Amino acid sequence: MTQYLIRRLLIAIPSLLGISVILFTVLALAPGDPFEELATNPAIPPEVRQQLRASLGMDDPIHIRYFSWLAAMLRGEWGYSFVSRIPVDDLILQRLPTTIAVIGASQVLALCIALPVGVYSATRPYSIFDQIANTLAFIGFSLPTFFTGLLFILFFSIYLDWLPFVYNANINATGWKWWWEQIRQSIMPVAVLGLFQGAAWTRYVRSAVLDVIRLDHVTTARAKGLPESRITMRHVVRNAMIPVVTLVALQMPAVFGGAIVTEQIFRVPGIGSLLISAILANDTPVIMAVTFVLSALVIFFNLVADILYGWLDPRISYR
Amino acid sequence: MSAPRLLEIAGLKVHFKTDDGWVRAVDGVDIGVDAGETLCVVGESGCGKTVTAKTILKLIDMPPGRIVAGSITWQGRDLVPMTGAQMRAIRTKQIGFIFQEPMTSLNPVYTVGEQIAEAVRMHEGLSRRAAMDRAAEMLSLVHIPNAARRVHDYPHQFSGGMRQRVMIAMALSCNPKLIIADEPTTALDVTIQAQILDLMNEMKEKLGTAILLITHAMGVVAETAQRVVVMYAGKVVEEAPVGPLFATPRHPYTQGLIRSIPRLDLAATEHKRLEAIPGTVPSLLDPPPGCRFAARCRFAQAECRSAEPPLRELATGHKVACHFAESIAA
Amino acid sequence: MAGSIPASATASPAAASRPRVGPWKEAWRRFRKHRLAVVSAVVLAMLVLAVLIGPLVWRVPIDEIDFTARLAGPSWEHPLGTDDLGQDLLARMLYGGRISLAVGVTAMFVAVGLGVLIGSIAGMAGGKLDAALMWVTDLFLSLPQLPVLLLIIYLFRDSLKDVVGPEMGVFILIVTVIGLFNWMPVARLVRAQFFSLREKEFVEAARALGASRIRLVVRHILPNALGPVIVAATIDVAAAIIAESTLSFLGLGFPPDIPTWGRLLFDAKDNLDFAPHWALFPGLAIFLAVVTINFVGDGLRDALDPRRVQ
C-alpha cells in the first residue's frame, strides 16, 4: 500500500507541473500586459513600473520566468490584489473554508441520493421505480446549475418566501440562532449543487451495480446461503464502488465549475465568487492564484480518489 | 427404487422468457442421487444440464427463468415451493456448489479466508476467529500449502487451479451431504483438471459427500462417475451405471458421444476416424415433436418424428429414451 | 460460458434466424425502441426549426426599445413578454437560440476534430508518443475547466475583439476554448478503436495490399469508430451549450447585444421578482435543448455503440 501511495504521489506531481505549464502558457501568450493596471494608475510613474517589471523578472527569457513564477506560486507568494491591496493568499484563505463547506455538504447530499437510488434501481432494472429514477436523473443532470438556482430562488425565496436568497457572511446572531440562519441560507446552494451531482452519480452507481450484479462471484455468494441484503451490500455495492470512485474523481473539475456558478447565484462569499469578481475587476493576481488553487484542489482530490481506489481494490494496492 | 434417495428430481421443467418466446431449457427431467455416490450429468452445451444443476439451489435468475413443473425432493422435502429463507438454510449448509469459472467465482475484494468464513459464520454461528480457523482447516484439507497464512491472501494471489481448490473448500466448509459441481474443470489446464478431479474423488472418500458432477467431457465421466445421466436438448435420454454405459450405450446420441472420444489405444492403421455427430441441437424455443434427437439420428424412423419416446428401463438401472433401443445396439 | 447465461445461449439460433438487415436499419430499429429518444428527437427538431425559421416568421426586431412595455408578462403582442427595455423576448430568444445552438454544434466539431486527430496520432504511433499524448489527455481531464475557461476568455477577449469585431471575436474565442476542453473523450475512443482494430484481419489485409497509413485510417479505422464517436459528439453538443450558457450567465460570454439564452438569463437574474418570465423562458429553452440532445445521445448509444449491444 505504501508503495502504491508513493507511486500515486509521483504521478500527481507531474500533473500539477503540467497544469502549471498550461496556466503559465496561457498567461504568457495573452496579449497585453498583466501589469496594465499599474500603467493606468497615475500614482505610479513609468520608471517605477519599469523597475517593478525588472525586479519581477518580466523581461527574462520565458523558461526562467516560468520557474520563478512557479516558485512564487508554490511558496504562496501570490502578490497583492490590484483592487483591495490585500495579499492574495489572505483573500483566498478567507474564502476557501466557505467553498469547501458548500462543496462538502453538497457532495454528502449527492451521495445520500445517488447510493440508495442507484442501488435500488439496479437491483430492479426496468421496473417502474428504475424508469422514473433514470428519467429524473437524466433531467437532473441536463438542468444547468444556474437555471436550477434561479428556479429555487423563484420558488423558495420569492414565491414561498421561506429561504433567503442572498448569502450573508456576517450573520447578526449567536448560538443556535446563528446555526439556524447559517443552515437556512446554505440550503439552496447546497441543494442546487448536490442535486446536480446526485443525478449524475445515480447513473454511475446504477450502471456500476448492474455490471457487478451479473458477475459470477455474486452467484457464489448466493450459493453460500447469504441473505439478499448482505449480498447486495457486501458483494455488489462494495465492488461497484471501485468504478464509481474513478468516475466521481473525473467529475471533480465539473464540481468546482458548478460551485463557481452556485456561489455567483447566491452570492456565497467563496473563492468562486472571488474569481468572478476578480475577472470583472481585471484583478490578474487574484485570478491567477484562484485558478491555480482550484487546479491544485482538483489534483488533490484525484489523489484522494486514487488512495480510495487502492483501498477499495486489493488487486491494485497489493502489487 | 427402494430406499429414499438423497436428491430426487422428478419431471422438472425450467423455461426462460426471452424476446422471442419461452425457451424450454429443461423440459421434463428426472434425476436421482444416492448418498455418497458420484453421479455425472453429461451433454453438449445448451442441453440444460447447467440449468438443472443451478435450479436445485434456485440459483437461476427468476425471472426470466421459471420452474414450470416438477419437484426437487431433498431428503424428503420438496425444494420447489420453499421460501428464500428456507433455501438459504440449505445452500452450502446441506448442498455445496462449485462453479465452472474459478477465476471469477471468488469476490476479488475479500481474502479467501473471509469468503469461506462468511459461509461458516452464517450457517454454524461460529465467532469470527473460529470461522477463520475453520477456513484455514478447510484450505489445508484441499491441500493448499501454508493454509494458515494463505487464508489472508486475496483471490488474485492464487492460480486458477488453486482458486478451484478454494471453491471446493468453501463448498465443503459446512460439511454438506451433497456437492453440485458445474463443469469444475472446464476452465482449467489439462494437468490441473486431473488434480482437481482427484481431489474431488478424495473428498468424497474421506467425507462421504455425494457429488453431482455436470460435465461435457466423457473422459471426466469415466474417471469419476458411478452412474451417468445423459441429457440432450432439455431431456434425459439415457441413464446407466458407468460400466454398462460405456460398454453398451443404448441411445444413438450416447453412442455418438462415446465414438467422439479420441482414443490413443487404437493404432493409426486401423483407420478409424474420430466421429462427430452431424447437425446441431434443435431450437428449444419451439422444439420439434417426437424424439428431439431424430433430426440428427441415422436410425430415425417416421415414428421418431411423431411420438416422443419415454424413458424405459432396459436392464437394472439402465434406462433409455429411444423407440428402437433394442434394435440398434452398438 | 454457455451455462451461465442459458437463456441467451439457447435463444441465439432463433435470433440469428431473424431476417438480416443492414447495420443502419438495425441501428434505426434499436433507436426506435428508446421511446424518450424518439420523442426528444422530434422536440429537438422542432426547436432547431423554430430557431432557423422563427425569425423569418416572427419579424419583430430584437432591439426595438419600448419603455411603455417594460418587463411585461406574456401577451398576444409579446408572447414571451419583454425585458427591462421593453424588447420582445420571443424575437430575442429565436435569434439568440441560433447563436446558442451554433456555438454548441461548432464547438462540438472543434472538439471532435481535435479528438479524432489526437486519438489517431496516439493510436497510430503507439509507444512513447502515445503515452505522452494520453498523459496530456488525462491532464486536460483533470483541469478545472470553468476557471481556466474564464481565465482564457478574460485574457484574450479584448484583443480578439479588436481583430475580428466583438461578435465574431467572442464567437471564435468561445467555440475554440470550449472545443479545446472537450476533445478528450473522443480522443480516447478513437485511440481505443485503433488498438482493438489494428490487429483485425481486414486491416491486416488492407495493409498487406499496400494501403497507405492515412488511407488505412480514413477508409478502415475511422468508419469503425464512427458509432461511439457520434454518440460522444452528440453529448458534446449539449456540454458546449451548457458551457456557453454558463459563461454568458456569468457575464463573461457574449455581449448584451447578442442575446444568447445564457446571456438572457444573466440579464434576467436581477429582475426575478418582477419578471420571472424573463428568466424562465430562456432557462427552459436551454434545458429543453440539453435534455433532448442528451436523450437522443442515449438513444444513439443504444443504436450505435456495439459495446452496449453485444
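The values are calculated or read from the model by the stated rules, or taken from the named source; none is laboratory data. In this text, all values refer to a predicted model and were calculated from it rather than measured experimentally. Cβ placement follows ideal geometry from the backbone for every residue including glycine, while neighbour counts extend to all protein chains displayed. These accessible areas exclude ligands, DNA and RNA; they are computed on the full protein's heavy atoms, side chains included. Shrake-Rupley method; radii C 1.70, N 1.55, O 1.52, S 1.80 Å.
Numerical summary
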| read-out | value |
| --- | --- |
| Rough spin-label spacing in nm, given labels placed 7 Å along Cα→Cβ, for residue B:87 and residue C:172 | 6.7 nm |
| Farthest toward positive dipole pole in the protein assembly as shown [+1 Lys/Arg, -1 Asp/Glu at C-beta], among B:98, A:310, A:167 | B:98 |
| Protection-proxy order for peptides B:28-40, A:138-150, each taking the mean of Cβ atoms within 10 Å per residue, highest first | A:138-150, B:28-40 |
| Helix-derived mean residue ellipticity, 222 nm - over chain B, DSSP H n ≥ 4, -39500 (n - 2.57), to 500 | -9000 deg cm²/dmol |
| Helix B:190-207 axis, angle to chain B major axis (alpha carbon atoms, nearest 10°) | 70 degrees |
| Residue B:180 long-range amide H proximity, modeled H, under 5 Å | B:96, B:97, B:98, B:212 |
| Positive-end residue, the protein assembly as shown charge dipole about Cα centroid, Cβ charges, pick of B:127, B:290, A:99 | B:290 |
| Within the protein assembly as shown: Cβ-based charge dipole about Cα centre, in debye rounded to nearest 20 (Lys, Arg +1; Asp, Glu -1) | 2800 debye |
| Prolate/oblate/rounded call for chain A, Cα gyration tensor, a/c under 1.5 rounded | oblate |
| Binned Cα-Cα distance frequencies in region A:251-319 - 10 Å width, integer % | 20, 38, 22, 13, 6, 0 |
| Buried accessible area, chains B and A (both chains, 1.4 Å probe, Å² to nearest 100) | 2200 Å² |
| At least 24 Å along the helix axis (C-alpha) and Kyte average at least -1.0, DSSP helices within chain C | C:35-57, C:89-125, C:145-164, C:222-249, C:276-304 |
| Nearest-0.05 FRET efficiency for residue B:19 and residue C:218, computed from C-beta distance (R0 35 Å) | 0.40 |
| Rough spin-label spacing in nm, given labels placed 7 Å along Cα→Cβ, for residue B:217 and residue A:158 | 7.4 nm |
| Mean Kyte hydropathy of -0.5 or more with a Cα span along the axis of at least 24 Å, helices from DSSP in chain A | A:2-29, A:88-123, A:175-213, A:238-266, A:284-312 |
| Lysines with Cα under 24 Å of residue C:33, excluding same-chain neighbours fewer than 8 positions away | B:17, C:25 |
| Difference of contour (0.36 nm per residue) and Cα-Cα distance, residue A:211 to residue A:135 | 25.4 nm |
| Cα-based helix-to-principal-axis angle, B:112-124 vs chain B, degrees rounded to 10 | 90 degrees |
| Number of partner chain Cβ atoms within 10 Å, mean per residue of A:252-261 | 5 |
| Shape of region C:166-291, Cα gyration tensor, a/c cut at 1.5 | prolate |
| At R0 = 60 Å, FRET efficiency that the Cβ-Cβ distance of residue C:284 and residue A:77 yields, to 0.05 | 0.80 |
| Residue mean of other protein chain beta carbons inside 10 Å, B:107-119 | 4 |
| Square roots of five times the Cα gyration tensor eigenvalues for the protein assembly as shown, Å | 65, 32, 28 |
| Percent RCO, i.e. relative contact order, over chain A, from Cα pairs under 8 Å lying at least 6 residues apart | 27 percent |
| Residue-wise HN-Hα coupling along region B:136-150, computed from phi with Karplus coefficients 6.51, -1.76, 1.60 (Hz; x: Gly, Pro) | 4, 4, 5, 5, 6, 4, 8, 6, 8, x, 6, 3, 4, 8, 6 |
| DSSP beta bridges in the protein assembly as shown [antiparallel fraction, %, rounded to 5] | 65 percent |
| Solvent-accessible surface ranking, highest first, for C:76, A:176, C:58, B:22 at 1.4 angstrom | C:76, A:176, B:22, C:58 |
| GNM result for chain C, Cα springs below 10 Å: residue of C:68, C:292, C:82 fluctuating most strongly | C:68 |
| Longest to shortest principal axis, alpha-carbon extents of chain C, angstrom | 74, 48, 34 |
| Mean ellipticity per residue at 222 nm, deg cm²/dmol - from DSSP H runs of n ≥ 4 across chain C, formula -39500 (n - 2.57) | -24500 deg cm²/dmol |
| Fraction of beta bridges assigned by DSSP in chain B that are antiparallel (%, nearest 5) | 60 percent |
| Efficiency of FRET between residue A:11 and residue A:229 - r from beta-carbon atoms, R0 25 angstrom, step 0.05 | 0.05 |
| Lysines whose Cα lies under 25 Å from that of residue B:319, excluding same-chain neighbours fewer than 8 positions away | B:13, B:49, B:54, B:235 |
| Spread of Cα-to-Cα distances over 5 Å intervals beginning at zero, given as percent, for region C:140-213 | 3, 13, 15, 14, 10, 9, 8, 8, 8, 8, 3 |
| Shielding by other protein chains, B:99-106, mean Cβ within 10 Å | 5 |
| Area accessible to solvent at residue B:324, 1.4 Å probe radius, in Å² | 50 Å² |
| For region B:187-239 and region C:260-286, distance of Cα centres in Å | 73 Å |
| Whichever lysines have a C-alpha closer than 24 Å to that of residue C:200, once near sequence neighbours (fewer than 8 apart) are set aside | C:128 |
| Helix B:160-172 vs. chain B, principal-axis angle (Cα, 0 to 90°, nearest 10) | 80 degrees |
| Whether region B:46-134 is rounded, prolate or oblate, judged on the alpha carbon gyration tensor where a/c under 1.5 counts as rounded | oblate |
| Overall Cα dimensions of region B:163-307 - principal axes, largest extent first, Å | 52, 43, 26 |
| Percentage relative contact order, chain B, counting C-alpha pairs under 8 Å, at least six apart | 20 percent |
| Region B:114-136 versus region A:242-300: alpha-carbon centroid distance in Å | 49 Å |
